[in-house]
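A quick write-up on the structure given underneath.
Computed from the coordinates by the stated procedures, all read-outs in this text should not be read as laboratory data. Here the structure is a predicted model, which means the values were calculated and not measured. Cβ: placed from backbone, ideal geometry, glycine included. Neighbour counts: every protein chain shown.
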Ligand SMILES: Nc1ncnc2c1ncn2[C@@H]1O[C@H](COP(=O)(O)OP(=O)(O)OP(=O)(O)O)[C@@H](O)[C@H]1O
Ligand SMILES: [Mg+2]
């Protein structure tokens, strides 16, 4: 996707201008959020702040509490404890004007009804003061060619894209995207990424959840890793895992046997190794953990389980 | 990118959204074969069946079967396009995720209810027009020619349709899944039809059935419709010996109020939050 082809997009999606200059405070602030089901805390004391204009990704295994958190923030699920402010308002009492500033793409895609894609976006345009024009909106999510198809006849991925379109139609200041690209083909995924990038360029704050680490690395300014209802780390994707990140693994083969050493000082290890070696060291590599390795260790998966 | 510092425009008014919803609801209603057959066309089918089976037999001197049952069929039609269609429709929209979408868009519940009511009134009007045309043209049922009777027809229809709409919204909150709604609501509607004198001459029903029926709107709608389509002297054959317009209006109004309160207090965009 070419950068310049996104320029009109950026303009199309520019968030509605608002009365006061963007206040510098966080767009989302959560303190001690708890949600219980039948006595079991599925969100268990989450603290988080998301800044204006930031793209924040929540990562975590199935059942970690990502959707529950997003639903509380979007004002569609009650919480059991904690303080939550979204755009300066408690989502539990967010009114219509507040909802108008928030876009939501839920994890579950609706089954769709007998309306066509175009009829659907034309209808929902009536809910917004300054909706993104219908044709433009469909092109943004790559549904231009399916405009006349009934929604209940769309493929799963196409319905997903329609949900994304409806989420951004009202030019929200803050957008929740719960697994926006699950079920999308690789081209559609890249298209969604481009959409998020143009939203960011237009000043929209985005909170997304994903299981794709490359997606988080590509899109997010910061990622939060949540597991069993607790936020275990928050950092820019390249810094996630701190110490874990700096640990390098030196591998080589000696007498036909693979060897490996973990170290924070790979250069020193290499010097010793090379000094001791009579000739070539077959299969010599120095690697540092990628986002995926760090993620797996953060969520507590034993390494043997994934090797 | 810096956006110009201006006021974010207020979202559109609930009436604007309600208007858009009426059109959307009509479209969806017409594209749902199940709704069109079992809610919209059903009374015409009933008319054809009753008319063909009983033909010109008389319920009482001067009152044909077709004429007597047209009243009950019209009342049933109103109940189906309002109570049954709305109750089943909402349960299905909730299951399908349509309502969750409306919730996150901040749709005013009043706009949603307004859309339902508008669609119900329009489809009921079309349904009744079709039914009366078939009754008059095919089964020779005489239609009233004085405006007073048409006025009665109008307020009974309107009251019945509004009561059915709000009760349909209310029942959809209690009924659970779309599947449960599709099984339970038509069953309830059929039982009410038996009790309310849609299939039989009301005065021939056991007294306890008449008393149960008198609690619900359908019996009163049916009776109101009889006062529209039957000759004046037929009033003497009613349980009370009169058409009881005042009481009919009161019962329908009471159900509109009760239904509105119930609907407003129980309405949920999603099951379990
Ligand atoms: N309505 C509910 N009733 C009871 N338990 C629930 C309900 N909704 C969610 N849960 C439980 O809460 C936990 C967190 O669920 P949640 O949907 O937030 O996870 P998630 O991180 O979004 O997972 P995934 O990656 O699979 O989407 C899960 O264990 C789930 O079983
Ligand atoms: Mg989830």
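Nearest 10 degrees, 0 to 90: what angle lies between the long axis of helix B:245-266 and the longest principal axis of chain B (Cα atoms)?
Helix B:245-266 sits roughly 30 degrees off the main axis of chain B.
In degrees between 0 and 90, to the nearest 10, how far off the longest principal axis of chain B does helix B:178-195 point, with axes built from Cα atoms?
The angle comes out near 20 degrees.
Based on other C-beta atoms within 10 Å, arrange A:293, A:95 from fewest to most. Mind showing how you got there, number by number?
Details: A:293 19, A:95 10.
The fewest-first ordering by Cβ neighbours comes to A:95, A:293.
Considering the zone a paramagnetic label at residue A:78 would reach in this model (a point 7 Å from Cα along the Cα-to-Cβ line), which residues of region A:40-70 have amide N under 19 Å from it?
A:40-45, A:68-70
Given an 8 Å cut-off on Cα distances and at least 6 residues of separation, report the relative contact order of chain A as a percent.
Details: 571 pairs, mean separation 65.1, N = 307.
Once divided by the residue count of chain A, the mean separation gives 21 percent.
Springs between alpha-carbon atoms under 10 Å, Gaussian network over chain B: tell me which of B:92, B:232, B:244 tops the mean-square fluctuations.
Maximum fluctuation in the GNM of chain B, among the listed residues, is at B:232.
For residue B:207, project a label point 7 Å along Cα to C-beta. Then give me every residue of region B:241-259 with its amide nitrogen under 18 Å of that point.
Correct set: B:241-242.
Taking every residue in B:88-95, how many Cβ atoms of other protein chains lie within 10 Å of its Cβ, on average? Let's see the in-between values first.
Working: counts 0, 0, 0, 0, 2, 2, 0, 2.
Rounded to a whole number, the mean comes out at 1.
Quick one: B:225, B:79, fewest Cβ neighbours within 10 Å first, how do they rank? Show your work: numbers first, answer last.
Working: B:225 26, B:79 30.
Lowest to highest Cβ neighbour count: B:225, B:79.
Can you sort B:229, B:65 so the residue with the fewest Cβ neighbours within 10 Å comes first? Working shown, then result.
On the way: B:229 24, B:65 19.
If I rank by nearby Cβ atoms, fewest first, I get B:65, B:229.
Kirkwood hydrodynamic radius of region A:3-236 from all distinct Cα pairs, in Å?
Numbers: mean 1/r = 0.0557 Å⁻¹.
Answer for region A:3-236: a Kirkwood hydrodynamic radius of 17.9 Å.
Taking the 0 to 90 degree range and rounding to the nearest ten, how far is the long axis of helix B:85-96 tilted relative to the main principal axis of chain B, both from C-alpha atoms?
30 degrees
Most fluctuating residue of A:58, A:296, A:184 in a GNM of chain A with Cα springs under 10 Å: which is it?
Looking only at A:58, A:296, A:184, the largest GNM fluctuation is found for A:296.
List the relative contact order of region A:138-240 as a percent without decimals, with contacts defined as Cα pairs under 8 Å and 6+ residues apart.
So the answer I get is 21 percent.
Okay, which of region B:32-66 sit inside 17 Å, backbone N to the point 7 Å along the Cα-Cβ direction of residue B:133?
Counting only backbone N, you get B:37, B:40-48.
Given only helices, namely DSSP H runs of n ≥ 4 each adding -39500 (n - 2.57), what is the per-residue ellipticity at 222 nm of chain A, to the nearest 500 deg cm²/dmol? List each step's numbers first, then the result.
Working: 12 runs with 100 residues, N = 307.
When only DSSP H runs of four or more count, the value is -9000 deg cm²/dmol.
Nearest-5 percent of antiparallel DSSP beta bridges in the protein assembly as shown? Present the calculation step by step, with values, prior to reporting the outcome.
Numbers: 32 of 49 bridges.
The antiparallel fraction comes to roughly 65 percent.
Take chain A, connect every pair of alpha-carbon atoms lying under 10 Å apart with a spring to form a Gaussian network, then pick out the residue of A:230, A:200, A:245 with the largest mean-square fluctuation.
With Cα springs under 10 Å in chain A, the top fluctuation among A:230, A:200, A:245 is at A:245.
Rounded to the nearest 0.05, what FRET efficiency is calculated for residue B:45 and residue B:149 with R0 set to 22 Å and r the Cβ-Cβ distance?
Efficiency, rounded to the nearest 0.05: 0.30.
For chain B, what relative contact order do you get, as a whole percent, if you take Cα pairs closer than 8 Å and at least 6 residues apart?
Details: 343 pairs, mean separation 73.6, N = 273.
Taking the mean separation of contacting Cα pairs over the length of chain B, I get 27 percent.
Note down the nm distance, to one decimal, between modelled labels 7 Å out along Cα→Cβ at residue A:136 and at residue A:92.
Distance between the two pseudo-spin positions: 3.9 nm.
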